[in-house]
Structure formats: structure tokens, C-alpha cells
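First up is the structure itself, then whatever we jot down about it.
The values are calculated or read from the model by the stated rules, or taken from the named source; none is laboratory data. Small disclaimer: the values here were computed from a predicted structure and weren't measured. So basically every Cβ, Gly included, is an ideal-geometry build from the backbone, and we count neighbours across all protein chains shown. When the accessible area is computed, the model is the full protein with side chains, heavy atoms only, and any ligands, DNA or RNA have been set aside. Shrake-Rupley method; radii C 1.70, N 1.55, O 1.52, S 1.80 Å.
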Amino acid sequence: MSIEVGSKVQGKVTGITNFGAFVELPDGKTGLVHISEVADNYVKDINEHLKVGDEVEVKVMNVEADGKIGLSIRKAKPQAERPERPERPERPARPRRDNRSNDRNDRHQPKENFEQKMARFLKDSDERLATLKRATESKRGGRGARRG
């Protein structure tokens with residue numbers, strides 16, 4: 001029996017690590033069930049779900065070129081056994097706050113030329129630098145705290 005992606009097979013847990021469990025498949029090959037594929041809910045400690053020697057049904061998720069086999073216990077369960085996830089209620093869409101809304105208002109105003117834009121930029125920049133300088137000087141104790 002060859003291992004094909006999507007097939008369900010019985011296997012035996014041969015080893016447990018903190019990131020998953022190794023399962024021996026019928027043809028003697030070993031695959032890994034990642035901890036996220038053990039159960040439908042969050043698994044903090046894999047030892048609460050599996051023990052070495054347990055017989056488990058697994059679904060083959062992938063077979064890599066180097067021979068590694070990815071398995072899943074939770075996807076091997078029939079849909080009827082898998083608990084339904086409660087659907088999240090739809091959130092109302094929040095209005096976007098981006099620059100596009102400002103573009104609509106700017107269309108009615110005359111365009112700024114380069115000099116006006118540069119003057120506005122310099123004014124903004126000077127205000128920000130002054131605010132920053134005030135904040136840092138107050139933390140250092142002002143001008144009198146400098147040693148020279």
C-alpha cells in the first residue's frame with residue numbers, strides 16, 4: 001500500500017515531542033502529526049491527547065521529496081464528529097480614514113504651488129522640532145544641566 005496525499009490510514013504512535021507525534025504507518029514508514037493537527041481545539045500539552053502505543057487514524061497531508069510525511073489526526077475525523085466552529089458575528093464596516101476623503105475636499109481648493117507647499121512644510125517642521133526640544137530638555141533638566 002503506497003502513501004498517497006489525502007488517504008486515511010491507521011497508524012501507531014511511536015514517539016511524542018513538544019511539537020508533535022511520530023506515527024508509524026502500515027508500510028513501515030513514519031510520519032509526523034504536528035501539534036496543531038492533533039485536535040480541533042488548542043493543544044497545549046500533546047501528552048493529554050496521545051500516548052506512545054496509541055492506535056490512531058490519520059490523514060496524509062503531504063509527502064515531501066526527502067521522504068517526510070505530514071499527517072493530521074483532526075482532518076481524519078468524519079465531518080459529523082468534528083465540532084462546528086461557532087461563526088463570528090459580522091462586524092459592521094468601519095468608515096475608512098485615509099487621505100482619499102481629503103482629496104475630495106482639495107479638489108475645490110486652488111492648487112498650492114511649490115513655494116506655498118515648502119513654506120507649509122517648514123512651518124510644520126519647526127513646530128515639531130520645538131515640541132520635541134521642549135520635551136527632551138524637560139527630561140534632562142533644561143539648559144542649566146549641561147556640563148561643558
Review point. In segment 1-33, which residue that is of a type in the set (D, E, K, R) and outside any strand (DSSP E or B) is farthest from Ala65 (Cα to Cα)?
Key: Asp27
Revision key, fill the gap. The residue that is most open to solvent (accessible area, probe 1.4 Å), considering only those in segment 106-118 that are at pLDDT 60 or above and outside any loop (DSSP other than H, G, I, E, B), is Phe114
Practice item. Determine the pairs where a residue that is touching a residue at least 24 places away in the same chain (Cβ under 8 Å) and of a type in the set (Asp, Glu), located within segment 52-70, has a partner that is open to solvent by less than 70 Å² (accessible area, probe 1.4 Å) and not in a strand (DSSP E or B) with Cβ atoms under 7 Å apart, the partner being 6 or more residues away or on another chain. Key: Glu57/Ala76
Practice item. Being among the polar types (S, T, N, Q) and in a helix (DSSP H, G or I) is the filter; apply it to segment 34-52 and report the residue that is most open to solvent (accessible area, probe 1.4 Å). Key: Asn47
Review point. Can you pull out the residues in segment 38-69 that are touching a strand residue (DSSP E or B) at 6+ places or on another chain (Cβ under 9 Å) and polar (S, T, N, Q)?
Key: Asn47, Asn62
Revision key, fill the gap. The correct count of residues that are over 13 Å from Thr30 (Cα atoms) and under 26 Å from the mean Cα position of the chain (by Cα) in segment 2-19 is 5
Check your understanding: Would you pick out the residues in segment 53-105 that are at pLDDT 90 or above, of a type in the set (Gly, Ala, Ser) and surrounded by 10 or more Cβ atoms within 10 Å (Cβ to Cβ)?
Key -> Gly70, Ser72
